[in-house]
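Participant: Okay, handing you the structure first.
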Amino acid sequence: MGFHRPGGSTRQLAAVPVSFGCGPSGPQLRRKELENAHISFVLAPRIGPDGVTPFRPNQQVLTLVMIEMQDTSAHDTGPLAGCTVIELGHSVAAPFAGMILADLGARVVKVENPADGDYARGWGPPFWRDTSSLFAALNRGKESVAIDFRTEEGVRRLRDLILGEADAVIQNLRPGVLDRFGIGADDLCAAKPSLIWCNIGAFGPVGPLARKPGYDPLAQASTGIMSVTGEAGRSPVRVGVSLVDIGAGMWSVIGLLASLFERENRKKGAVVSTSLYETGLSWMTVPLAGYAAAGEVRGPQGSGSAEIVPYQAFNVGGEWIMIAAGNDNLFGRLCRALGQPQLADDPAYRTNADRVKNRAALIAGIEAAIAGFDMARLSAALDAEGVPSAPLLTVDRVLAHAQTLALNMGVPHGQSELVTMGIPLTFDGVRFAAQAEAPALGQSKLQAETAFAPQEAAGAASLAGARRV
């Protein structure tokens, strides 16, 4: 994998398959290169020169990856350096948002219950050292402070931290929890008008479900995502990643960044709110628009699309390849690649609307044509015609794929061997990443009590009085 100093860029020197008991092989690296390289070992199938086909499909080899750490003096900090964000978060949504902000250079302080912390710490196996790999991946680059805000002292410490140091707060606690202790958005934004407060709820701040707790699968179920996922006639299937949680985290970051920009003009913060339910509805934009237009309740399409044909996975000798002939021109190219040019001129398949109408017959014909190929020949034929396609890869093959390596998406977990995925953004060719490993519970200590700015002291005093009522 590629690795990154904060604000740094890298260059892959070599990805060398090695095995124990073998003689030297692969590119020879000069001593200077080795001194400037970060070395990692990845257990994965050995991938051939095309970046797709394994040399031996069942062979597991140890891949040695060496990455040169380039000069980063021009990019020592991320674009959010100097910004402090307090994360009152657990599970996935708020921690994912905090991870993005930390990678972009913000100081992110994660506030956790001193008893158990974020319960995602225990979501495993797999575990990395004493915490789940999920927690390790979502909380790199953060500080952790342990505060019990059910106590008067805890409330004071949290209030002082936010009013004294925070540019923004991100929280996804249950509705009303913070307000109960006088440390919700209304109280703290009144005390500190420049504060940006980001709420990530379950079902949104209003409506009959506003007080209902929720998780990603509930949002997938209740917004219709599961109704269009999987295969017709079979049990419901949720998307295999926490799509709604991660989406809600991204929306909160978008709102926070927009509010930071606006604050430069009006010198005032904002309360930004999103929820899992709203995020799920946003993911369902196209299916819901289809229903609004035609009144048709569409079911799951497997790997395919209700609106485009052919646009699905096909079996090739026991492996799967995704083919996306997204327009009439690409469909014609696909027909030529399969040696079936006459299909493109068939009136039943001439336009995409025709192909959607005659989906079953067309897919059967394509499957019959593909039966004469193996994966390597089919991939080559599709590439030669410019037809978009991709093999379905398992996580081990994704990690070892030449494209993954070339993009340098991997971020080292502190000084350990764990590699997690960086954010999919580069700035002038640099992918910023916070490399400090996820913190132990309460690892960071708060500074001495912070003095508030004079104009905010009165608000803080008022807040304390309101809390005593």
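Participant: How long are the semi-axes of the equivalent ellipsoid of segment 145-283, taking √(5λ) for every eigenvalue λ of the Cα gyration tensor, in whole Å from largest down?
Facilitator: The three semi-axes for segment 145-283 are 32, 18, 12 Å.
Participant: Treating only the Cβ of Lys, Arg, Asp and Glu as charged (+1, +1, -1, -1), what charge dipole size does segment 118-268 show about its Cα centre? Round to the nearest 20 debye.
Facilitator: For this selection, approximately 160 debye.
Participant: Next up: Measure off, as a whole percent, the carbon and sulfur share of the 1.4 Å-probe accessible area of segment 384-440, all protein chains present.
Facilitator: Numbers: 1700 of 2750 Å².
Heavy-atom surface of segment 384-440 belonging to carbon and sulfur, 1.4 Å probe: 62 percent.
Participant: Quantify, in whole percent, the carbon and sulfur part of the accessible surface of segment 82-142 (1.4 Å probe; protein heavy atoms only). Walk me through the numbers before you get to the answer.
Facilitator: Working: 1150 of 1920 Å².
Here carbon and sulfur together make up 60 percent of the probe-accessible area.
Participant: Averaged per residue, what accessible surface does segment 161-260 expose to a 1.4 Å probe, in Å²?
Facilitator: Per residue, segment 161-260 has an accessible area of 44 Å².
Participant: If packing is taken as the mean number of other Cβ atoms within 10 Å per residue, what is the order of 250-256, 127-133, 274-280, highest first? Present the calculation step by step, with values, prior to reporting the outcome.
Facilitator: Details: 250-256: 22.0, 127-133: 16.4, 274-280: 24.9.
Final packing ranking: 274-280, 250-256, 127-133.
Participant: Name the long-range amide H neighbours of residue 198: under 5 Å, sequence gap of 5 or more, or other chain; modelled H, no Pro or chain starts.
Facilitator: Counting only residues 5 or more places away or on other chains, the set is 169, 170, 171, 272.
Participant: Report D for segment 79-174 in µm² per second (integer): Stokes-Einstein, Kirkwood Rh on Cα pairs, 4 °C, 1.567 mPa s.
Facilitator: Estimated diffusion coefficient is 95 µm²/s.
Participant: Probe radius 1.4 Å, ligands and nucleic acids left out: which of 397, 266, 180, 107 has the largest accessible area, and how do the rest follow?
Facilitator: Result of the area sort, largest leading: 180, 266, 107, 397.
Participant: If you average 1/r over all unlike Cα pairs in segment 319-456 and invert the result, what Kirkwood radius do you get in angstrom? Walk me through the intermediate numbers first.
Facilitator: Values: mean 1/r = 0.0505 Å⁻¹.
It is 19.8 Å.
Participant: In whole Å, what is the distance between the alpha-carbon centres of segment 305-341 and segment 364-408?
Facilitator: Cα centroid to Cα centroid, the span is 12 Å.
Participant: Sticking with this structure for a sec: At a 1.4 Å probe, what is the % contribution of carbon and sulfur to the accessible area of segment 214-304?
Facilitator: Heavy-atom surface of segment 214-304 belonging to carbon and sulfur, 1.4 Å probe: 61 percent.
The values are calculated or read from the model by the stated rules, or taken from the named source; none is laboratory data. Keep in mind it's a predicted model, so treat the numbers as computed, not measured. Positions of Cβ are generated from backbone atoms using ideal geometry, with glycine treated the same way; all protein chains shown enter the neighbour counts. Protein only, heavy atoms only, side chains kept; ligands, DNA and RNA dropped before computing areas. Shrake-Rupley method; radii C 1.70, N 1.55, O 1.52, S 1.80 Å.
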